[in-house]
Amino acid sequence: MLDTARKLIRETGRKLGLSQEQIEQLINTDAEHNFEIELSDGNKYHAFRVQHSNKRGPYKGGIRFHPQVDYDEVRALATLMSFKTAVAGIPMGGGKGGIAVDPKELSKEALEELSRKYVQGLKDHIGPDKDVPAPDVNTNSQIIDWMVDEYENLSGDRTKASFTGKSIKNGGSLGRDAATGRGGVIVLREILNKSSISGPITFALQGWGNVGSFFALVAEKEHPDWKLVAATDSSGGVYNANGLSAEDLDKFKKDGGKLADFMIGKKIDNQELLRLDADVLVLAALENAVDENNVDEIKAKIVLELANGPVTYLGYEALNAKEVMDIPDILANAGGVIVSYLEWAQNKAGEHWTEDKVNKELEKYLTSATRQVYERSKKDKLSLKEAAFAEAIVRLIS
Ligand code: NAD
C-alpha cells in the first residue's frame, strides 16, 4: 500500500511538473512516534502514530488495532489521509495510528488499559488543534470514549474535539456510521451522471461490513435502478442476476449469519465475485484485493474503491489499459473523514446537528470534490486516480 501510494504521488507529481524536492516533500512524513505499552498483566504491545502532513489543518486519521500493524502500513494510511482530506476540501491534515494487537484476545479491562495507555504515550502530540484521531479497523466508539476520557484527565480539555468517532452521548455526530457508504453512493452517482454509462446499472459488492452494508442500503433506498446482484464477506457470498435485497442481507448479517450461508441466489467465493458480469465492482473489504494476478478477470466497467488501497499499482495500470474506470479510495471513501471533520466542528462550536444537516453537508463536500476531480481528469487527460491525486497535490503544495 505504501509503494502504491508513493508511486501515484511520484507519477502524478511528475505529470504536474513538480521538482524532485517538491515530490519528496509530499512523500515525507512530518513526525513518527512509536513506543511500547506494557499492561499490568505484563504483556507488551507496539504502538504507532504517524503524522504525515498538517499543512491544511490538524492531523486527522484513525487508530487501528490489528496484529499486522507496522510502520509501513501506518505510514501508507497516514499519507493517504493527507491526500484524502485535501481532495475532500476539509481543513484537516493526515495521520494514522495503530497498535499491533489482536483485540479479541484481550479482556474488556485490558482493552481499556491499552486504550488509555496509548493516549498517555501520545498526550503531547495530540489534541483538538494538533492531531485528532478516530476509530479504524477493530476500534470503535467505546474505545474512543475511553481515549477521550484519558485525554481530558491529562489535559483538562473538555471540548470533546480531541477525537472523533465518539458515542453520540459523548459528543459523537449523527450520520457518522453511514457516512463512508453514503459518500460512496454520492461519488458513484456523480461519476455516472458524467459518464456514458446511463440508465439502470448492476453492482457486485465485496466486503459486507460497515462501509459495504451502508453503501448497499443507501443505494437501495436512493437509487432503485441500481441493482445489487452479488455480495460477499470473508466467508464468500451470493449471486442473483435478478437482484438481492440489501435490507434482507443486512438483517441476515446482523442476526449473526455468514453471507456464504444466505439462501437466496447462487453461492460464490471472493474470486468469482471479481469475474461477474456487473457494471460496477464495489471493493469494500481489504487492501490489495485487485492485483496483476486477478485484474484480467474483471468484467465491470467501473471499480469503486471503498476500502483503503484495494487495488495495487499494477492492478490499477491494468484496469486503465482495459479502460475500466477506477474511482480512487481517496475520493470514494472520503465520506467518513468528512463527517469526522463535521463532528470536530460541532464539538468546537458546542453544537449537535441533526442527521439531515450532517447528510446535507456531506453531500455538498463530496459533490463538489467529485466534480473537481472529474473536470481535472478531462482537462489534463488523467485517469480519475491521477486526477484525485493531482487535485490533492495542488492543494498540499500551494
Ligand atoms: P468491517 O470490518 O466492518 O468490514 C469489512 C468486511 O470485509 C467484513 O464483512 C469482512 O467479512 C469482509 N472481508 C474481509 N476479508 C474479505 C475478503 N477477503 N473478501 C471479501 N470480504 C472480506 O470494516 P469497514 O469499516 O467496513 O472497512 C472496510 C474498508 O474500508 C477498510 O479498508 C477500511 O480501512 C476502509 N474504510 C473504512 C472507513 C469507515 O468509516 N469505516 C472509512 C474509510 C475507509
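The values are calculated or read from the model by the stated rules, or taken from the named source; none is laboratory data. Just so it is clear, the structure is predicted and the values come from calculations on it, not from any experiment. Cβ atoms come from the backbone with ideal geometry, glycine included; neighbour counts cover every protein chain shown.
Remarks
- Only one of Arg158, Arg189 that is outside any helix (DSSP H, G or I) and surrounded by fewer than 22 Cβ atoms within 10 Å (Cβ to Cβ): Arg158
- Any pair with Cβ under 6 angstrom, 6 or more apart, that starts in segment 41-67 at a residue that is crowded, with 24+ Cβ neighbours inside 10 Å and ends at one that is assigned to a strand (DSSP E or B) and basic (Lys, Arg): Val50/Lys96; Gly61/Lys96
- Within segment 142-166, the set of residues being more than 16 Å from the ligand (Cβ to nearest atom), in contact with a Pro (Cβ under 7 Å, 6 or more places away or on another chain) and not hydroxyl-bearing (Ser, Thr, Tyr) comprises Asp157, Ala161.
- Looking across Val303, Val311, Val373, Val339, one residue alone is farther than 28 Å from Ile23 by Cα and either touching a helix residue (DSSP H, G or I) at 6+ places or on another chain (Cβ under 8 Å) or modelled with pLDDT under 95 (or both). It is Val339.
- Check on Thr139, assigned to a loop (DSSP other than H, G, I, E, B), buried (at least 22 other Cβ atoms within 10 Å of the Cβ), of a type outside the set (A, V, I, L, M) and within 16 Å of the ligand (Cβ to nearest atom): yes
- Qualifying residue in segment 377-387 (condition: modelled with pLDDT under 95, of a type in the set (Ser, Thr, Tyr) and touching a helix residue (DSSP H, G or I) at 6+ places or on another chain (Cβ under 8 Å)): no
- Taken across segment 305-322, residues that are closer than 15 Å to Val280 by Cβ, within 15 Å of the ligand (Cβ to nearest atom), touching a residue at least 24 places away in the same chain (Cβ under 8 Å) and in contact with a Gly (Cβ under 8 Å, 6 or more places away or on another chain) do occur, with at least one present.
- Of all residues in segment 245-269, those satisfying the criterion of being more than 12 Å from Trp208 (Cα to Cα) and either of a type in the set (Val, Ile, Thr) or within 12 Å of the ligand (Cβ to nearest atom) (or both) are Ile264, Ile268, Asp269.
- Matching residues, segment 306-344, being among the charged types (D, E, K, R) and more than 9 Å from the chain's Cα centre (by Cα): Glu317, Lys322, Glu323, Asp326, Glu343
- One residue from Leu319, Leu331 being assigned to a helix (DSSP H, G or I) and crowded, with 24+ Cβ neighbours inside 10 Å: Leu331
- Output for segment 192-222, where each listed residue is over 22 Å from the mean Cα position of the chain (by Cα) and either assigned to a loop (DSSP other than H, G, I, E, B) or within 16 Å of the ligand (Cβ to nearest atom) (or both): Ser195, Ser196, Ile197, Ser198, Gly199, Pro200
- Yes/no for Glu363 being surrounded by fewer than 24 Cβ atoms within 10 Å (Cβ to Cβ) and touching a residue at least 40 places away in the same chain (Cβ under 8 Å): yes
- Some residue of segment 18-25 being of a type outside the set (D, E, K, R), in contact with a Ser or Thr (Cβ under 7 Å, 6 or more places away or on another chain), surrounded by 14 or more Cβ atoms within 10 Å (Cβ to Cβ) and at pLDDT 95 or above: no
- Leading residue by the ranking (surrounded by the most Cβ atoms within 10 Å (Cβ to Cβ)) among those in segment 252-300 that are in a loop (DSSP other than H, G, I, E, B) and under 22 Å from the mean Cα position of the chain (by Cα): Ala284
- Residue check, Val87 surrounded by 21 or more Cβ atoms within 10 Å (Cβ to Cβ) and more than 27 Å from Ala5 (Cβ to Cβ): no
- The residue of segment 223-243 that is farthest from Thr180 (Cα to Cα), among those that are within 13 Å of the ligand (Cβ to nearest atom) and hydrophobic (A, V, I, L, M, F, W, C), is Val238.
- Residue within segment 169-177 that is more than 30 Å from Ala134 (Cβ to Cβ) and more than 22 Å from the chain's Cα centre (by Cα) present: no
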